[in-house]
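Data block below; observations after.
The values are calculated or read from the model by the stated rules, or taken from the named source; none is laboratory data. The shown structure was predicted, so the numbers you read here are calculated from the model rather than taken from an experiment. No Cβ is skipped: glycine too gets one built from the backbone with ideal geometry, and neighbour counts run over all protein chains shown.
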Amino acid sequence: MNVLYASIPAWGHTFPVLPGLAELRGRGHRVRMLASASFTPEIARRVEPVGYDSPMDTPEHPVDLADMGRVLPLLLAEARAAFAALAAVDRPDVIVADVLSMAGWLLAEATGLPLVRVWPVFASNSEFSLHTDYASRTDDAASTAEFFAAAADFLAEVGLSSVSPERLFDNEADHNIALYPRELQPHGDTFDERFTFVRPCIRPPEESADLAWLRGEDPLAAVTLGTVFTGNAGFFRTCVAGVARLGWRAAVAVGPTVSRSDLGPLSDRVVLRERLPMIDTLRHASVLVSHGGLTSTVEALANGVPVVIAPQIGEQCAVADRVEALGVGVRLREPFTPAIVADQLSAVAADPLLAARVAALRARLCGGHPGAEFADAVEHATT
């Protein structure tokens, strides 16, 4: 089988599928994956990269996801670049596409090829939708109209003038793979046979140079805002100060735009990195403080680490709510102070019932062979 995978340049959407794609390749299938410059080396270790110049790959000035006047043109520019790259390769047997990859869905429409949609974020159906249940965007009528006009032009250019621009946000597909167990999904019991929930593919330890420090005796808090919208220096200052109140250590991933000087004086009990060796860190952490990206949350729980979530957008609010409903972490509500951070961390770390629930979920997340489950689901969708 010839498999073409369409993703977006975001690590939380890339890492979780690589073991499954590698499993498909190991079974003798040809597997190619869309890959912009920053992602090509990692992707090329597992499957064939399909290179392209992505406007979303580490933009110089990251866009606020609620600023639709900037987000919509960026999404369309990404769709144009990705579609051109995907359409240029020889015809696959199946297209497997991240739910945020407009280009993958469009190529399936243009070619009539079977489509498998992949959900590294919570899936949507008639009973639950991130867009409607957790709206975090502020739509502007003028920017939306401008986007749909530009999208209509793009659709006409690629021979899909019969497709309404509104359908670019349509998530309906006959075959869907959710990269987490059903119990994590809001309204999980309402998702029918079109949805296959698989155990997540957790990255292996990095065995990084920071490992000796991470193994220290005192409790460790891991702090991150993910890898995309990381410029909130105030968040990091508050969290580091809260961890310091407890006498814990902190491993902090600040991204490319926040510097050590932005956080003020730091002791040797704080490790600051643009990007943490996250699995090494989680293996030694007592708590993860994060934005609530689903991938980072699942990675923490799979390593037995409870989570304290300070969501930035609606999708992350949904993760925080689900974490609280399952009793494996708490939501950090704005505005919060170092004292509140310290109280939340100590309460989560000291709760034996919460620890038992995290352990039970960890066993569910880590059982079996997740790469094989993903590959099985792709193969099943094409038979």
Taking the conditions exactly as written (under 24 Å from Arg199 (Cβ atoms), of a type in the set (Gly, Ala, Ser), in contact with a Pro (Cβ under 6 Å, 6 or more places away or on another chain) and at pLDDT below 95), does Gly371 satisfy them or not? yes
Spot the failing condition for Asp218; the list is (1) farther than 22 Å from Pro16 by Cβ; (2) modelled with pLDDT of 95 or more, and only one is missed. (2)
All conditions in (1) without any contact (Cβ under 8 Å) to a residue 12 or more places away in the chain; (2) under 24 Å from Leu365 (Cα atoms) are true of His187 except (1)
Expected single match for surrounded by fewer than 18 Cβ atoms within 10 Å (Cβ to Cβ), at pLDDT 90 or above, among the charged types (D, E, K, R) and farther than 19 Å from Val116 by Cβ among Asp133, Asp153 is Asp153
Mind checking which helices (runs of 4 or more DSSP H) fall wholly inside segment 273-383 and carry at least 1 residues that are among the acidic types (Asp, Glu)? 278-282, 294-302, 314-326, 338-350, 370-381
Any residue in segment 199-218 that is within 20 Å of Val243 (Cβ to Cβ), of a type outside the set (A, V, I, L, M, F, W, C), in contact (Cβ under 8 Å) with a residue 12 or more places away in the chain and touching an Asp or Glu at 6+ places or on another chain (Cβ under 7 Å)? yes
Answer yes or no as to whether Thr190 is under 27 Å from Ser290 (Cα atoms), out of contact with any His (no Cβ under 8 Å at 6 or more places or on another chain), loosely packed, with under 13 Cβ neighbours inside 10 Å and among the β-branched types (Val, Ile, Thr). no
Within segment 57-75, can you find the residues that are in a helix (DSSP H, G or I), out of contact with any helix residue (DSSP H, G or I) (no Cβ under 6 Å at 6 or more places or on another chain) and either modelled with pLDDT of 80 or more or crowded, with 19+ Cβ neighbours inside 10 Å (or both)? Pro73, Leu74, Leu75
Inspect all residues belonging to segment 363-379 and state whether any of them is without any contact (Cβ under 8 Å) to a residue 40 or more places away in the chain and among the basic types (Lys, Arg). no
Can you work out which of the residues in segment 13-58 that are in contact (Cβ under 8 Å) with a residue 40 or more places away in the chain and in contact with a Pro (Cβ under 6 Å, 6 or more places away or on another chain) is nearest to Arg199 (Cα to Cα)? Pro16
Note on Val258: of the conditions (1) at pLDDT 95 or above; (2) in contact with a helix residue (DSSP H, G or I) (Cβ under 8 Å, 6 or more places away or on another chain), unmet is (1)
All but one of (1) touching a helix residue (DSSP H, G or I) at 6+ places or on another chain (Cβ under 6 Å); (2) modelled with pLDDT of 95 or more; (3) within 30 Å of Val99 (Cα to Cα); (4) of a type in the set (D, E, K, R) hold for Arg245, so report the exception by its number. (3)
Return yes when Val298 is at pLDDT 90 or above, among the β-branched types (Val, Ile, Thr), closer than 15 Å to Val341 by Cα and not assigned by TED's automatic domain parsing to the domain that holds Phe122 and no when it is not. no
Among the numbered criteria (1) touching a helix residue (DSSP H, G or I) at 6+ places or on another chain (Cβ under 6 Å); (2) surrounded by fewer than 21 Cβ atoms within 10 Å (Cβ to Cβ), which one does Val319 miss? (2)
Inspect all residues belonging to segment 290-297 and state whether any of them is closer than 18 Å to Pro16 by Cβ and out of contact with any helix residue (DSSP H, G or I) (no Cβ under 6 Å at 6 or more places or on another chain). yes
From Glu157, Glu127, Glu146, Glu109, residue being in the same structural domain as Arg91 (by TED's automatic domain parsing) and in contact with a helix residue (DSSP H, G or I) (Cβ under 6 Å, 6 or more places away or on another chain): Glu127
Tell me yes or no: at least one residue of segment 205-220 is crowded, with 21+ Cβ neighbours inside 10 Å and assigned by TED's automatic domain parsing to the domain that holds Leu276. yes
Every residue in segment 22-45 that is in a loop (DSSP other than H, G, I, E, B) and of a type outside the set (Gly, Ala, Ser), please. Arg27, His29, Phe39, Arg45
Which residues, taken from segment 270-299, are more than 13 Å from the chain's Cα centre (by Cα), buried (at least 23 other Cβ atoms within 10 Å of the Cβ) and closer than 21 Å to Ile313 by Cβ? Met278, Leu288, Val289
